[in-house]
1. Gly724 is checked against (1) in contact with a Phe, Trp or Tyr (Cβ under 8 Å, 6 or more places away or on another chain); (2) open to solvent by 20 Å² or more (accessible area, probe 1.4 Å); (3) on the phi > 0 side of the Ramachandran plot and fails just one. What number does that condition carry?
2. Being of a type outside the set (A, V, I, L, M, F, W, C) and at pLDDT 95 or above narrows it down to one of Asp474, Asp516, Asp444, so name that one.
3. Which number in (1) open to solvent by 10 Å² or more (accessible area, probe 1.4 Å); (2) among the charged types (D, E, K, R); (3) outside any helix (DSSP H, G or I) marks the one condition that Arg493 misses?
4. Mind listing whichever residues of the range 25-52 are within 24 Å of Gly91 (Cβ to Cβ), within 38 Å of the chain's Cα centre (by Cα) and surrounded by fewer than 19 Cβ atoms within 10 Å (Cβ to Cβ)?
5. So Arg411 ticks every box in (1) assigned to a loop (DSSP other than H, G, I, E, B); (2) in contact with an Asp or Glu (Cβ under 8 Å, 6 or more places away or on another chain); (3) closer than 16 Å to Ala753 by Cβ but one. Which box is left unticked?
6. Kindly state which helices (runs of 4 or more DSSP H) lie completely within the range 564-653 and contain at least 3 residues that are modelled with pLDDT under 95.
7. If you check every pair at least six apart or on different chains, which have Cβ atoms under 9 Å apart with a residue in the range 251-264 that is closer than 14 Å to Leu465 by Cα and polar (S, T, N, Q) first and a residue that is open to solvent by less than 10 Å² (accessible area, probe 1.4 Å) and part of a helix (DSSP H, G or I) second?
8. So, in the range 53-66, how many residues would count as being at pLDDT 85 or above, over 25 Å from Glu507 (Cβ atoms) and either within 32 Å of the chain's Cα centre (by Cα) or among the aliphatic types (A, V, I, L, M) (or both)?
Amino acid sequence: MSDEIDEFFDSLGAHGDGRLPPQVCGTIRFRLSDPAGDTRSWSVTYRDGHAEVESGAGGETADCTIDASDETFQRLIDGRENAVALLLRNGVSVRGDLPLFLVFRRLLPLHADSAGPPSPARPLAEARRTTSVVARPVSIFYGNLFMISDQRGDIETVPFVPLGLFFYDTRFVSHWRLSVNGERVHTLSVDDLQYFESRFFQVPGEPTHYVDADISVFRHRWIGDAFTEQVALFNHREEPVRLRLRLDVGADFAQVLEVKDGYHTDRDIITTVEDTALRFRYERDTYFRETILSATEPALIDPAGLTFEVDLAAHETWCTDLTVKTFVRGAGNRDLRESLRSYAERPKPQVHRELDDWVAAAPTLTCDYEPLREAYRRGVVDLAALRYKGVNFRDPLPAAGMPWFMTYFGRDAALSCLQALPFVPSTAVPALRIMALTQGTREDPFRAEQPGKISQESRYGESALFNEVSHAFDFSAADTTALFLVLLDEYERWTGDTALVCGMQFEARAALDWIDRHADLMGTGYVWYGPRATRTGVLNQSWKCSPGAVSFGDGTPATFPQATCEIQGYVYDAKLRGARLARTCWGDPDLADRLQQQAAELRERFNRDFWIADRGYYAHALQGDGRQVDALTSNIGHLLWSGIVEPAYAQSVVDHLMGPQLFSGWGIRTLASGAHRFNPVGYHTGTVWPFDNSFIAWGLWRYGYRAEAARVVRAVLEASRYFGARLPETFAGYDRSLTKYPVPYSAAGSPHATSAGAPLLFLRVLLGLEPYDGDLIVDPAVPEDLGHIEVHDIPGPWGKLDALGRGRRDLARSHRRGRRPGDPLRAAL
């Protein structure tokens, strides 16, 4: 084994050329120990796209230090392990600049298969078959630490319902119940102060018991790097009172996806009672998670919770702070976050300042139309809230949404950043950097990883870290790579930041190479994908990823491989944008010419193969045998956004989008109501997705259909009024004539990044905002009844500019003018 490791490091300098991004620099030191405890060291320095290797402990000061056993490192270079999974289960100890370790993946051998063998000691649990609904849960969150409770502020374990304190895709608190003198508390009111704090005003007993209540309870909770709940007791009596305050607590360390899918796994939880703390611990090999509960007032602590004996004089108040810390063991038995340069503690005052600074930096909107004004502000705040500190990067990363997706998702990150670019362009920088940093480098079928492919998902749950599932580092999306290129170009157009674009030339070229070399499984010039089997069914690798989401109009499931229409549109757009970057930023006109030619050929081929002439719309997908999957879906609206639609076909596409089968009155459904699989409460088979509608509206705008775009914008914004201005991930697709309000989808995430970004993109569409050659074009098309819209301090290469739009009666024809699709963007490309 040691000889193979020696050979690996000896060969790094030779086979590393051309595999490292030139802009990455730094030194990473590996300290590997054999079974006898002897340690050997190597230092690998990245410089100008080359790897320089030195054996021994000398050399340059290391920016990152890796400690591992010979056996573990051998598994890594053999492709039987994954770097991220190893780190998060403490299989390797990392100190310093973790991104350097992730760059090291580019130097590993090409072929890998990191699937873990099924563990006989840990079979997958059987799904519980009961379903439960908790009315109006109360949530607070900061990054990927979040708590969801019932209206009492309490937590019970309920199948399919994500009640608890979650961190790193794991539930650190599964039981949290407060009582006074043996009676549970009843909530009089709840104040959602900010996304990271809330307050409960309560009295002991059930509603019939608190007439003229003389004891009240105040609970104020907040989240930063830990969870804190301040509990205060008020004695309103004229005489002293003795109260027993009890907090029952438990932790099951369930994975968030177990909760989502209705699975349960028995774990051996170790409970430790200390003088000032209660600890719950779960271990599996090197995987270690711990919940630590403490209080600022003396308490009697037992394995099931804390008891406070409280003596209150007349009209006196008593309070204590309950703090829960989540511990993830890393190097040197310290918390993993403390070993990494990306980590910095954030107390509540700093969280407040971060939010205030974020909101202050965003452009100011004033308008007559209240749903737009409220949804814009809520969207800006939620985009701030959904940033989290990943262990693998220094800057806050965009999480996809609460509760199921509080982690990095490549597709959602790209789409939400595209939506927000005109207003908060800073969100795009860490998203682009993490996509570049985690870009595929190996051929690993377990993770669907391929060189140049952009990753889709990174989770920290137990099953992922033991390679039982691929979620620790997963590439099961066929569209993220093209969307990465689209975002990279759009970011440069809005900011003029050519330095970042030039710095990512290596990764962008690798992404373009993946499209040409790996994505075309059938040799037909399209991006195809195969099935990905999971315990809940076979998933697709498009945004409509759920089982059965891609089917024929008669309900027959499409077979694999599949090439969905919107992905081809993204690729067309990506090639044109890549051509612009090659010509203007990278100084490679030959590549620009080649990409433009490929885009033109793809557009011609696509309009021939996907167009269903007798239906007047594009097929949802092609099967491997060439058959058109003929269901009418919202995906055709994304084709307008990408610009791949032949102008002669545009009117028919628009007629279908705005027709009664797709347009519900609250927005455009994912699947037409005439399809056999249509279900108004089907996740991808009939619901309305705000993000989907925002990109469709953008596409309508780009083809000159301003009145139709405004109609979509207004429909979804009117729906937002019924969700407290916070658009959920999705909602039911019932026709508006049947319901006076949009019907919620029970399992929808909220807040959700792409739904938070939707009002921002809607605002861009209404005002006709478009960067062009370093200037900002403002070409508003605001319906008359929306009145006045004004945005101040839109950032860009122009500095900061204002945009104004006033409602007018006729939006329909004045903006067609025979434009080529996509102007002025298409002209820029």
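The values are calculated or read from the model by the stated rules, or taken from the named source; none is laboratory data. It should be emphasised that the depicted structure is a prediction, and the values quoted were computed from it without experimental measurement. Methodologically, a virtual Cβ is constructed for each residue, glycine included, from the backbone with ideal geometry; neighbour enumeration extends over all protein chains shown. The accessibility values were calculated without ligands, DNA or RNA, using every heavy atom of the protein model including side chains. Shrake-Rupley method; radii C 1.70, N 1.55, O 1.52, S 1.80 Å.
1. Going through (1) in contact with a Phe, Trp or Tyr (Cβ under 8 Å, 6 or more places away or on another chain); (2) open to solvent by 20 Å² or more (accessible area, probe 1.4 Å); (3) on the phi > 0 side of the Ramachandran plot one by one, Gly724 breaks only (1).
2. On the way: Asp474 fails: at pLDDT 95 or above; Asp444 fails: at pLDDT 95 or above.
Only one candidate passes the filter, namely Asp516.
3. Failing condition for Arg493: (3).
4. Within the range 25-52, the first condition is being within 24 Å of Gly91 (Cβ to Cβ), and the residues that meet it are 26-44, 46, 51.
Narrowing the set further to residues that are within 38 Å of the chain's Cα centre (by Cα) leaves 26-33, 41-44, 46, 51.
Of everything in the range 25-52, those that are within 24 Å of Gly91 (Cβ to Cβ), within 38 Å of the chain's Cα centre (by Cα) and surrounded by fewer than 19 Cβ atoms within 10 Å (Cβ to Cβ) turn out to be Gly26, Arg31, Ser33, Ser41.
5. Going through (1) assigned to a loop (DSSP other than H, G, I, E, B); (2) in contact with an Asp or Glu (Cβ under 8 Å, 6 or more places away or on another chain); (3) closer than 16 Å to Ala753 by Cβ one by one, Arg411 breaks only (1).
6. none
7. Gln255/Glu462; Gln255/Ala464
8. Number satisfying all stated conditions: 1.
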